[in-house]
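**Q** Sharing a structure below in structure tokens format, with a few things to ask.
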Amino acid sequence: MKQVLLPGVAAVLLAAAFIAARPFHTGEPLSKPSAAGYKIGDEATDFKLKNVDGNFVSLSGYKTAKGFIVIFTCNECPYAKAYEDRIIALDKKYKPEGYPVIAINPSDPVIQPSDAFSLMQKRARDKGFTFPYLVDEGQAVYPQYGALRTPHVFVLQKEDGRNIVKYIGAIDNNHEDADDASEKYVENAVNALLSNKKVPLETTVAVGCGIKPRG
Amino acid sequence: MKKLLFVLLVGMISNVEAQQEVEVLKFEDLKEKIKKDENKTLLINFWATWCVPCIEEMPLLMEMNEQFRNHPEFKMLLVSLDSKKSLGKLQGFLAKHKIDAEVVLLDDNKRMNEWIPAMDSQWQGNLPSTFVYHRGRKVAFIDGEVTRSQLQALADRYLKPSK
């Protein structure tokens, strides 16, 4: 009898404990840890992503580049739009110096229809983008970098064939007015790298449009 | 969602309703406000009218604000990061959506790299973001959209029924 009862009692107790425990353990945490991604000094992954011209682009294709200004951006975010002309200016200034801009659109067009491939092509055409504007198909690349918003910049420097992260953050400190930006973070970073100096400010944070993962 | 955007658009065009005063602040002013309410449970939500997930979570926040409207220890403060130039658009949005929590506009663009980490070292500037202070101490930082269960948990923990 004892042997029969015990498992029964244990089962009831276990079930009771489970039911009692559920409300306390299924709740979401009140604070989410920040997303993982690259830190300064990490090696950035290469990728093979489709450009608006239909060709695929990889960092390894840039044989003579000294590094890259990788910018996660998109079509409609007001911050991204405010920075478009400055992104073009960065490419014009630093591509000849060996640091071309590589723009990547991390949005899922199902969630963000304004970021459909055809609209990316139109945006690149209308604005006269001088740099590749790539689709992060399946949103595979942006989480590896740890891009959280648009625009979000990662300045990379080639070291022995590896792309090392040297700066992460905003383009400058005034999205609204380029002429009133007193801290040009990306320019300062690339200028430092070009003269073999340490990047003065390696990370910055700024408000931008959050990148939404699908599902 | 489409319906909400439509309502939003209509709201922008027919901005005729009474407009809420929106104080324009620097970060120091915001810190003062947090300090002023240090005897309360203060929920601060950073948002903007252009931020789609912010607009999506707004009904949940308004529901909480309504529920605790008369609670003497509850205060909700919505900190808009809209441009100062879009103040009119922001006020139109508030009127149209009947948002009656206190709204301030943080006009401190050039110092984002100072005040974002000052709010929380983990905050990267994503919107929306919500901070909860209880009696002057930060007790929650929600990076991204809030959920009903998070708000419920906060209310259960910090807001006892007032009567």
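**Q** For labels at A:D85 and B:K35 in the simple 7 Å Cα→Cβ model, what's the distance in nm?
**A** Taking the two extended label points, one gets 4.0 nm.
**Q** Using 14 Å as the cut-off for backbone N distance, which residues of the stretch A:153-197 belong to the label zone defined by a point 7 Å from the Cα of A:E43 along Cα→Cβ?
**A** A:157-165
**Q** Take the residue pairs A:K122/B:K89; B:K33/B:K89; A:K184/B:K31; B:K26/B:K110; A:K166/B:K110 and return only those whose Cα atoms are more than 19 Å apart. Can you show the working numbers first?
**A** Numbers: A:K122/B:K89 28 Å; B:K33/B:K89 24 Å; A:K184/B:K31 27 Å; B:K26/B:K110 11 Å; A:K166/B:K110 22 Å.
Flagged as over cut-off: A:K122/B:K89; B:K33/B:K89; A:K184/B:K31; A:K166/B:K110.
**Q** As a test of the definition: which semi-axes, in Å, follow for the protein assembly as shown when you take the square root of five times each eigenvalue of its alpha carbon gyration tensor? Largest first, please.
**A** On the way: eigenvalues 315, 166, 86 Å².
Each semi-axis is √(5λ); the values are 40, 29, 21 Å.
**Q** Given R₀ = 30 Å, what would the calculated FRET efficiency be for B:E28 paired with B:N70, taking r from the Cβ atoms and rounding to 0.05? Walk me through the numbers before you get to the answer.
**A** Numbers: r = 31 Å, r/R0 = 1.03.
Result of the calculation: an efficiency of 0.45.
**Q** I'd like the carbon and sulfur percentage of the solvent accessible area for chain B, probe radius 1.4 Å, heavy atoms only, ligands and nucleic acids excluded. Display every interim value, and only then the final one.
**A** Details: 4200 of 7910 Å².
Answer for chain B: carbon and sulfur cover 53 percent of the accessible area.
**Q** Something else: Rank by packing, highest mean first: peptides A:86-94, A:196-204, A:150-158, with packing defined as the count of other Cβ atoms within 10 Å averaged across residues. Intermediate values should be presented prior to the final figure.
**A** Working: A:86-94: 19.0, A:196-204: 14.1, A:150-158: 25.0.
Ranking the peptides A:86-94, A:196-204, A:150-158 by packing returns A:150-158, A:86-94, A:196-204.
**Q** Sticking with this one: For the pair B:K138/A:N196, report the inter-label distance in nm, with labels modelled 7 Å from Cα in the Cβ direction.
**A** A separation of 4.1 nm, rounded to one decimal place.
**Q** Dipole of the stretch A:33-210, Cα-centred, from +1 at each Lys and Arg C-beta and -1 at each Asp and Glu C-beta, to the nearest 20 debye? It would help to have the intermediate numbers written out before the result.
**A** Working: 21 positive and 24 negative charges, 105 e Å.
Charge dipole of the stretch A:33-210: 500 debye, to the nearest 20.
**Q** While we're here: List every residue whose amide H lies under 5 Å from the amide H of A:G146, counting only residues 5 or more places away in sequence or on a different chain, with H placed 1.01 Å from N in the peptide plane.
**A** Amide H neighbours of A:G146: A:Y38.
**Q** Subtract the Cα-Cα distance of A:E183 and A:T64 from 0.36 nm times their separation in residues, and report this length gain in nm to one decimal.
**A** Details: separation 119, 0.36 × 119 = 42.84 nm, distance 2.89 nm.
The A:E183-A:T64 span can extend by a further 40.0 nm.
**Q** Looking at the protein assembly as shown, what % of its DSSP beta bridges pair antiparallel, to the nearest 5?
**A** Values: 32 of 55 bridges.
Close to 60 percent.
**Q** Give me, ordered by chain and number, the residues 5 or more places off A:E202 or on other chains with an amide H under 5 Å from its own placed amide H.
**A** Under 5 Å from the amide H of A:E202 lies no amide H from a residue far enough along the sequence or on another chain.
**Q** Taking the Cα of B:R148, stepping 7 Å toward and past its beta carbon, and measuring to each backbone N in the stretch B:53-81: which are under 16 Å?
**A** Within reach of a label on B:R148, which here means backbone N under 16 Å from a point 7 Å along Cα→Cβ, the stretch B:53-81 contributes B:56-67.
**Q** Once you've got the GNM for chain B with C-alpha springs shorter than 10 Å, pick whichever of B:K84, B:K110, B:K35 has the biggest mean-square fluctuation.
**A** With Cα springs under 10 Å in chain B, the top fluctuation among B:K84, B:K110, B:K35 is at B:K110.
**Q** Compute the relative contact order of the stretch B:2-158 as a whole-number percentage, counting only Cα pairs closer than 8 Å that sit 6 or more residues apart in sequence.
**A** Details: 227 pairs, mean separation 52.2, N = 157.
Averaging sequence separation for qualifying contacts and normalising by length gives 33 percent for the stretch B:2-158.
**Q** In Å³ and rounded to a whole number, note down the convex hull volume per residue for the Cα atoms of chain B.
**A** Numbers: hull volume 18.3 nm³, N = 163.
Given the Cα convex hull of chain B, per-residue volume reads 112 Å³.
**Q** Tell me, Kirkwood radius of the stretch A:33-210 from alpha-carbon pair distances, in Å? All intermediate terms of the calculation are to be shown ahead of the outcome.
**A** Details: mean 1/r = 0.0622 Å⁻¹.
The answer is 16.1 Å.
**Q** For a protection proxy built on the mean count of beta-carbon atoms within 10 angstrom, sort B:148-154, B:42-48, A:162-168 highest first, please. Provide the component values of the computation, followed by the final result.
**A** Working: B:148-154: 16.4, B:42-48: 23.9, A:162-168: 20.6.
Peptide ranking by packing, descending: B:42-48, A:162-168, B:148-154.
**Q** Can I ask one more? Using θ = phi - 60° and the Karplus form 6.51 cos²θ - 1.76 cosθ + 1.60, what ³J(HN,Hα) does each residue of the stretch B:96-106 get, whole Hz, x for Gly and Pro?
**A** Computed from phi, the couplings for the stretch B:96-106 are 5, 9, 6, 8, 10, 6, 5, 10, 10, 10, 8 Hz.
**Q** Can I ask one more? Looking at B:F141, B:I99, A:M120, which one has the Cα that reaches farthest to the positive end of the dipole of the protein assembly as shown (charges on Cβ: Lys, Arg +1; Asp, Glu -1)?
**A** Farthest towards the positive pole: B:F141.
**Q** Which residue fluctuates the most in chain B, going by a Gaussian network model with Cα springs under 10 Å, if the choices are B:M58, B:M119, B:M76?
**A** Of the options given, B:M119 has the highest mean-square fluctuation.
**Q** Within the accessible area of the stretch A:33-210, what % is carbon and sulfur when the probe is 1.4 Å and the other protein chains stay in place? Please report the intermediate quantities before stating the final value.
**A** Numbers: 3750 of 7680 Å².
Whole-percent figure for carbon plus sulfur exposure: 49.
**Q** How well do other chains shield peptide B:109-122, expressed as the mean number of their Cβ atoms within 10 Å of each residue Cβ? It would help to have the intermediate numbers written out before the result.
**A** Details: counts 9, 10, 3, 10, 10, 3, 1, 4, 3, 0, 0, 2, 2, 4.
Whole-number average of other-chain Cβ neighbours for B:109-122 is 4.
**Q** Please report the antiparallel percentage of DSSP beta bridges with both residues in the stretch B:2-158, rounded to the nearest 5.
**A** Details: 12 of 26 bridges.
Antiparallel: roughly 45 percent of the beta bridges in the stretch B:2-158.
**Q** Oh, and also: Looking at the protein assembly as shown, which Cys residues are left with no other cysteine's beta carbon under 4.7 Å from theirs?
**A** That list is A:C74.
**Q** Another question, then. Rounded to whole Å, give me the distance from the Cα center of the stretch B:96-130 to that of the stretch A:112-151.
**A** Centre-to-centre distance over Cα atoms comes out at 26 Å.
The values are calculated or read from the model by the stated rules, or taken from the named source; none is laboratory data. If you're wondering where the values come from, they're calculated on a predicted model, not measured in any experiment. Note that we place each Cβ from the backbone using ideal geometry, even for glycine, and neighbour counts take in every protein chain shown. In case anyone asks, the SASA skips ligands and DNA or RNA and just uses the protein heavy atoms, side chains included. Shrake-Rupley method; radii C 1.70, N 1.55, O 1.52, S 1.80 Å.
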